[in-house]
Amino acid sequence: MIVLGIESSCDETGVALYDTQHGLLAHALHSQIAMHQEYGGVVPELASRDHVRRALPLLRQTLEQAQISKEQIDAIAYTQGPGLAGALLVGSSVACGLALALGKPVIGIHHLEGHLLSPLLASEPPDFPFIALLVSGGHTQLMRVDGIAEYQLLGETVDDAAGEAFDKSAKLLGLDYPGGPAISRLAVTGDASIHQFPRPMLHSKDLNFSFSGLKTAVLTAVKKYPEALSDSDKANVARGFVDAIIDVLVAKCLTALKQSGLKRLVIAGGVGANQQLRTALNGAGVKKRFKVYYPELEFCTDNGAMIAFAGAMRLQKNPSLATYDYSFNVKPRWPLSEINDS
Ligand code: KG4
Ligand code: ZN
């Protein structure tokens, strides 16, 4: 079965073709980061318009790369939510319009399910069950994953998401959007002994997170400098921030593994690309004897491959999910717990 996947929930247009027999056939991506950078964050209306411009050229590119015709597609998966309403509408309408024209079925996919399953696209995929830490720009969740469509929420952020904390703290340091990669790079040269930022909810014993206080601590630290921060001041603040957030993320993963008795940890979402997080988790894994799995770096952030893959897995498990009803609706807010297999 060949599934076309279309992702357009935020600022990346992603298109991919996944074949259940031969794996990922092709994928193409357009990131809008450069367009949004001058505004310091994503401008929803600009995002929607750009998805309109990009979707069909990317689709053609993907088909060409895979050397198949659109008639060979068996089903179309698209991100139905959560995300920006206008942006989601573009991908959904392209998917449903194309499916209608081709007479093929569609399936709406939850964006986080895409992230959650993305490590299964890697060359060494984990077996079920596993604990997943989902860390993206909009979400921070710990889940227990027993199989496709078998997801149990164990804990989540009560305020800002981890990626949001990275982005907001980076902005306070005058770094460009998206700040995650930039603040991490800067942190490498920082002195860890200068700023001791709080580790929110580190000892709360549950699996929830809170990051808004950490962002405020960064703001307070920045304001304490009488003059503009030098590059090394910025690096020191960055280091304090990164050390604090990584400590919390790692500690909560360890608690989830301990409570569940599982030995496999999967990291998904944009923050999963973070090198400090990977180093800390790999170190903990060696010490505590668990294995950590990551998506390929290019599939950490938003992409079409994870949507095509999630669509293929869902349809393979339950073919009756394929619908020929093209009256789509998007779900800007959509808890993953609402996913079921019927
Ligand atoms: O998963 P994603 O592409 O989009 C959402 O679904 O939200 O995640 C984007 C987030 C942004 O907040 C970005 O700053 C963060 O992931 N991010 C990183 C890194 N790369 C992306 N955060 C820390 N370190 C990175 N290397
Ligand atoms: Zn995402």
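The values are calculated or read from the model by the stated rules, or taken from the named source; none is laboratory data. As the structure is a prediction and not an experimental result, all values here were calculated from the model. As a convention, Cβ positions derive from the backbone with ideal geometry for all residues, glycine included, and neighbour counts pool all protein chains shown. Note: areas computed on protein heavy atoms with side chains; ligands, DNA, RNA excluded. Shrake-Rupley method; radii C 1.70, N 1.55, O 1.52, S 1.80 Å.
Being of a type in the set (Val, Ile, Thr) and more than 14 Å from the chain's Cα centre (by Cα) is the filter here; which residues of segment 110-161 pass it?
131, 145, 148, 157, 158
Output the residues belonging to segment 295-342 that are open to solvent by 40 Å² or more (accessible area, probe 1.4 Å) and under 30 Å from residue 274 (Cβ atoms).
296, 297, 298, 301, 331, 332, 333, 335, 337, 338
Of the residues that sit in segment 145-181 and are charged (D, E, K, R) and buried (at least 19 other Cβ atoms within 10 Å of the Cβ), which one is farthest from ligand 2 (Cβ to nearest atom)?
In this case the residue turns out to be 171.
May I ask you to say which residue of 304, 261, 270 is over 19 Å from residue 214 (Cβ atoms), of a type outside the set (Val, Ile, Thr) and within 14 Å of ligand 1 (Cβ to nearest atom)?
304
Restricting attention to segment 299-322, which residues are away from ligand 2 (no atom under 16 Å from the Cβ), farther than 15 Å from residue 73 by Cβ and not basic (Lys, Arg)?
313, 316, 318, 319, 320, 321
I need the full set of residues from segment 273-291 which are more than 16 Å from ligand 1 (Cβ to nearest atom) and either buried (at least 16 other Cβ atoms within 10 Å of the Cβ) or among the small types (Gly, Ala, Ser) (or both), in order please.
Passing the criteria: 283, 284, 285, 290.
Restricting to segment 201-213, give me the number of residues that are closer than 16 Å to residue 139 by Cα and without any contact (Cβ under 8 Å) to a residue 60 or more places away in the chain.
Residues in segment 201-213 being closer than 16 Å to residue 139 by Cα and without any contact (Cβ under 8 Å) to a residue 60 or more places away in the chain: 3 in total.
Across segment 12-70, what is the total count of residues that are free of Cβ contacts under 8 Å to residues at least 40 places away in the same chain and β-branched (Val, Ile, Thr)?
2
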